[in-house]
Amino acid sequence: MDKMENLLQVKELKTHFMTMNGVVPSVNGVTFNIKKGEKVALVGESGSGKSVTSLSIMGLIEEPGKIVNGSIIFDERNLVDLREKEMEKIRGNDIAMIFQEPLTSLNPLFPVGKQIRESLLLHQKITRKEAKQRAIELLKKVGIPMPEQVYSSYPHSLSGGMRQRVMIAIALSCEPKLIIADEPTTALDVTIQAQILGILNELSELENTALLIITHDLGVVAEIADRVMVMYCGQIVEEADVFSIFDSPLHPYTEALLKSTPRLNGQEKLASIEGRVPNPLHMPKGCTFHTRCPYAIEKCSSNVPAIQEFRPNHHVRCWLADEEEGGIKIG
Ligand code: SF4
């Protein structure tokens, strides 16, 4: 991988929560890179640590949470070392975030156009009139019909899909290098979901903006991602390009996720993943997936597998990737 192209490099990141009952290692040694303009999905069940990873990048971890190890290099600066004031600048200018529920991010008291305009005024040296014009252009860009009218609409009068488009317009207003979208379409119905993902995809390609999509939904991944990282119990267990993940997954957890994803033809009976995500206060020893894994061998319950490159650019954290153990058997 050409290091010069990397926009974000997360290395050995650990974000832990110091609770009354003990330490919750929500993110436990995560390493990955995102190149300029690349679309990457971080996938896993709820509680896998994917949202905490994105909040760590944004500098939004609150007490009792804390980054206890690792670095987050963005554009050659380590975000972990920055003061809140500097982080605010990065959040406003270089990295934008889109959340699942736009209503929590939009101010209910102001028309959406005004909110985009204010964001533009904050980040660009332009007049109010120019900012209004640009806000209308942004509304148009994200596919909102009659943008001049919608400019004066209040958030509650718009549909969920329209609100999410407004959030994308606000994210774009700072011309970010990276957009982090945390379950951006989970609250929307399937048709609107596809539209929103289409817009994100198109804009990312048009503006060469990198995208980090956080999702539990492999359908979303298939629509948008170039590369996929699968997360389980605070660690990345598999990472590959989107085709390899869907066609030849290596990790038993990825296989289980795929089997539990509805197919378009709806003919296959869906399997659910056996068992539950372990209690983070009492993580199992060895491979954290061994309590649910149908392929577990003896050493899985005592020895932690390291992540390794099993095929070119296809990494997996599983003892079966070890030739001595007979190789990967799934699929
Ligand atoms: Fe399953 Fe063992 Fe691989 Fe873990 S290391 S995923 S328990 S086979």
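The values are calculated or read from the model by the stated rules, or taken from the named source; none is laboratory data. None of the values given here were measured: they were computed from a predicted structure. Using ideal geometry, Cβ is built from the backbone for each residue, glycine included, and neighbour counts are taken over all protein chains shown. These accessible areas exclude ligands, DNA and RNA; they are computed on the full protein's heavy atoms, side chains included. Shrake-Rupley method; radii C 1.70, N 1.55, O 1.52, S 1.80 Å.
In this structure, the amide hydrogen of Lys39, modeled 1.01 Å from its nitrogen in the peptide plane, lies closer than 5 angstrom to those of Leu211, Asp226, Arg227, counting only residues at least 5 positions away or on a different chain. For Ile98, the amide hydrogen comes within under 5 Å of the amide hydrogens of Ile180, Ala181, Asp182, counting only partners 5 or more places away or on other chains and with H modelled in the peptide plane.
Dipole magnitude of the range 178-297 about its Cα centre, charges +1 at Lys/Arg Cβ and -1 at Asp/Glu Cβ only, in debye to the nearest 20?
Numbers: 7 positive and 16 negative charges, 148 e Å.
Around 720 debye, computed over the range 178-297.
A 1.4 Å probe over all protein chains sorts Lys89, Lys14, Lys36 by accessible area into Lys89, Lys36, Lys14, starting with the largest.
Pairs from the table (Lys114/Lys141; Lys66/Lys299; Lys85/Lys114; Lys39/Lys259; Lys39/Lys141) lying more than 22 angstrom apart at Cα are Lys66/Lys299; Lys85/Lys114; Lys39/Lys259.
Which net charge results when you count Lys and Arg as +1 and Asp and Glu as -1 among the other residues whose beta-carbon is under 9 Å from that of Lys177? All intermediate terms of the calculation are to be shown ahead of the outcome.
Details: positive: Lys36; negative: Asp75, Asp94, Glu175.
Residues close to Lys177 contribute a combined charge of -2.
Rounded, prolate or oblate: pick one for the range 175-250, where a ≥ b ≥ c are the square roots of the eigenvalues of its C-alpha gyration tensor, a/c under 1.5 means rounded, and failing that, prolate if a/b is larger than b/c, else oblate. Since a/c reaches 1.5 and a/b is larger than b/c, the shape of the range 175-250 is classed as prolate.
What's the carbon and sulfur percent of the chain's accessible surface, probe 1.4 angstrom, rounded to a whole number? Please list the in-between numbers first.
On the way: 8470 of 16570 Å².
The computed percentage sits at 51.
Ranking Leu55, Tyr232, His315 by how far each Cα lies toward the positive end of the dipole of the chain (charges on Cβ) leaves Leu55 at the top.
Give me the accessible area of Ile136, 1.4 Å probe, in Å² rounded to the nearest 10. Ignoring ligands and nucleic acids, Ile136 comes out at about 20 Å².
Report the net charge of residues surrounding Gln100, where surrounding means a beta-carbon distance below 12 angstrom and charges are Lys +1, Arg +1, Asp -1, Glu -1. Don't jump to the answer; show the numbers that get you there.
Numbers: positive: Arg163; negative: Glu101, Asp182, Glu183, Asp217.
Once all neighbours under 12 Å are counted, the net charge is -3.
Of Ile199, Ile307, the order by accessible heavy-atom surface (1.4 Å probe, DNA, RNA and ligands excluded), from most exposed downward, is Ile307, Ile199. Dipole orientation for the range 163-299: of the candidates Asn279, Gly198, Val242, Asn279 has the Cα lying most toward the positive pole (charges on Cβ; Lys, Arg +1; Asp, Glu -1). Normalised by the number of residues in the chain, the average gap of Cα pairs under 8 Å and 6 or more apart makes the relative contact order 19 percent.
Its Cα centre serving as origin, the range 137-230 has a Cβ charge dipole (Lys and Arg +1, Asp and Glu -1) of approximately 160 debye. Within the chain, the selection of entire DSSP H helices by a Cα span of 24 Å or greater along the long axis and an average Kyte-Doolittle value of at least -0.5 returns 190-207. Place +1 on the Cβ of every Lys and Arg and -1 on the Cβ of every Asp and Glu in the chain, take the dipole about the Cα centre, and give the residue among Phe17, Cys300, Val150 whose Cα lies farthest towards its positive end. Selected residue: Val150.
Over the chain, average the accessible area per residue using a 1.4 Å probe and give it in Å², no decimals.
On the way: 16570 Å² over 331 residues.
Per-residue accessible area for the chain comes out at 50 Å².
Each Lys and Arg contributes +1 and each Asp and Glu -1, all at the Cβ; summed about the Cα centre of the chain, the dipole is approximately 960 debye.
Run the numbers for Thr191 and Leu122: contour at 0.36 nm per residue of separation, minus the present Cα-Cα distance, in nm. Please list the in-between numbers first.
Numbers: separation 69, 0.36 × 69 = 24.84 nm, distance 3.38 nm.
Contour length minus the Cα-Cα distance gives 21.5 nm.
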